[in-house]
1. Around residue B:114, what is the net charge, scoring Lys/Arg as +1 and Asp/Glu as -1 over all other residues with Cβ under 12 Å from its Cβ?
2. Give me the accessible area buried between chains B and A, both sides summed, with a 1.4 Å probe, in Å² rounded to the nearest 100.
3. Relative to the longest principal Cα axis of chain B, at what angle does helix B:40-54 sit, 0 to 90 degrees, rounded to 10?
4. Cα-based Rg (one decimal) and Dmax (whole number) for the protein assembly as shown, in Å?
5. Sort chain B into rounded, prolate or oblate with this rule: let a ≥ b ≥ c be the square roots of the eigenvalues of the Cα gyration tensor; rounded if a/c is under 1.5, and if a/c is not under 1.5, prolate when a/b is larger than b/c, oblate otherwise.
6. Could you compute the net charge surrounding residue A:338? Neighbours are other residues with a C-beta less than 15 Å from the C-beta of residue A:338; K and R count +1, D and E count -1.
7. So how many Å³ per residue does the convex hull of the Cα atoms of the range A:31-129 work out to?
8. Could you give the size of the charge dipole of the range B:71-212 about its Cα centre, using +1 on the Cβ of each K and R and -1 on the Cβ of each D and E, expressed in debye and rounded to the nearest 20?
Amino acid sequence: MTEPLVLGFETSCDETGVGLVRGRTLLSDALATSMAEHERFGGVVPEIASRAHLEAMVPTVHRALAEAGVQASDVDAVAVTAGPGLTGALLVGLAAAKAYALALDVPLYGVNHLAAHVAVDELQHGALEEPSMALLVSGGHSSLLLVPDLSRDVVSLGRTVDDAAGEAFDKVARVLGMPFPGGPPIDRAAREGDGSAIAFPRGLTGPRDAPYDFSFSGLKTAVARWVEARERAGEPVPVADVAASFQEAVADVLTAKAVRACRDHGVDHLVLGGGVAANSRLRALAEERCAAAGIVLRVPSPRLCTDNGAMVAALGSRLVAAGVAPSAPDLGADSSLPIDVVRP
Amino acid sequence: MLVLALDTATPTLLAGVARRSADGAVEVLAERAVPSGTRHAELLTPAIRDVLAEAGATLGDIGAVVTGLGPGPFTGLRVGIVTAAAIADARGLPVVGVCSLDAVGDGARTVVTDARRKEVYWAAYDASGARVQGPDVVRPEGAELPGPFVGDPAFAARLGAPVEAAEVTTTGLLRAAAGQLDDPAAAAPLVPLYLRRPDATPPTSFKPVTTS
């Protein structure tokens, strides 16, 4: 018997993602992005993203079906990100997914976006070890999750108390005159720089601080102050060193806390996910520290770390296999869906 | 032919199933007008199931989908449009979009609906029911819109004239879609009637963190 074919929808931010997964096999991952339209605003504008999702929706479904070489009528279940994310953006994908499920007469699974970022790794590296630790870092999230059972039980250990890690990258990039989104240009510039050149602060790393929470707002401000002081003094700004030192501070805190969480909870598998997991220094430092601590590190390829529809289909596929009941017909979107709700 | 009609341009979501004869005559078999406020995404597909069941039909019996394209508050508006587009795509059906205001009331009238931000969406129609002005968005005070008004009665005081309560109906949607339903292959693509640009202005300069 062939495993069920699951169609996944992701519209929580600026990417319209539609993916097809059978079992743990990735069949297609079609993506449309409105990133270029947000660039001049220096951040994602929710209404622009929502309009773009509506325009892109049906064509992106067609691409996903064509890439997978299947028909819509072959689909056995539909999965969709129900939150967390931007409400207006979420609602386009949610309404589309509900309509496809109704029209194809198949069950609908609303899923948690963060849990989907963990599930996507199963498409590349096989069944998830449970329990696992997961570190999810993107423009919208910075979360440390304990995952006893990804289909039913995910526990939030810590999260950012202010900016998401990706937001800090965007803001520092702006200070350094680099384009939005800030992750790729900072990563590139940092390769020519010295990560130990400037000792930027590591937020929430004091002995009395919450051990698994993050803070990147102070770091961002420290970088801006440092750069502005040079500019006021008429001195050149060593862009590569600033980028490398900032990136080092982010990667240091994220990996130190993730490894500590693994140790404290007796977990020896760590999954990295989210757009910031594409950062080369974060990946390298995570590998180094996990190896030293005897932790198996799993990181999906950069393409699957950022938002996409395949990750939603991957979690949907897992829920079907685990016998989890589908969502209720009046499923809605929840912009602040808590992580312990895997399937709203 | 059976037609599925949807609209989410106002706080009342509408789902209907109607039989449309070759001569254009319309018989509504089932209709739900749900005062769902901001819960269109939750309640639209359940309402579609309800009207299909009441009409004794399945989506396999439907020959075309009609949807209102607004104007209406953006977030809710998109729910109906993307639902219509997705159902039509999944079932290989033609989908037709119409101005939602065209589906409110009949005859000579000016339709007004809530555009939020103290404004109304409006359009004016002649005695034959043809739209002669609008759709547009305006502050009702001093706009000197022609009457008589139908639509959202909450705006009577600010228009200085009575507004006869009326909402989008299945009959109204099919009437507005008549031309396109006669030749669905030639139907225009679904383009929402936003009438306003996204609320965002590019920053001209970024303020420094430190002040000198």
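1. +1
2. Details: alone 10830 and 13960 Å², together 21770 Å².
Roughly 3000 Å² of accessible surface disappears when B and A pair.
3. 10 degrees
4. 26.1, 82
5. Working: a/c = 2.01, a/b = 1.36, b/c = 1.48.
Since a/c reaches 1.5 but b/c is at least a/b, the shape of chain B is classed as oblate.
6. Every neighbour counted, the sum reads 0.
7. Numbers: hull volume 12.8 nm³, N = 99.
Dividing the Cα hull volume of the range A:31-129 by its residues yields 129 Å³.
8. Dipole magnitude for the range B:71-212 comes out near 600 debye.
The values are calculated or read from the model by the stated rules, or taken from the named source; none is laboratory data. Every value quoted in this text rests on a predicted model; they were computed, and no experiment measured them. Every residue, glycine among them, receives a Cβ derived from its backbone with ideal geometry; neighbour counts consider all protein chains shown. We work out accessible area using only protein heavy atoms, side chains counted, and drop any ligands, DNA or RNA first. Shrake-Rupley method; radii C 1.70, N 1.55, O 1.52, S 1.80 Å.
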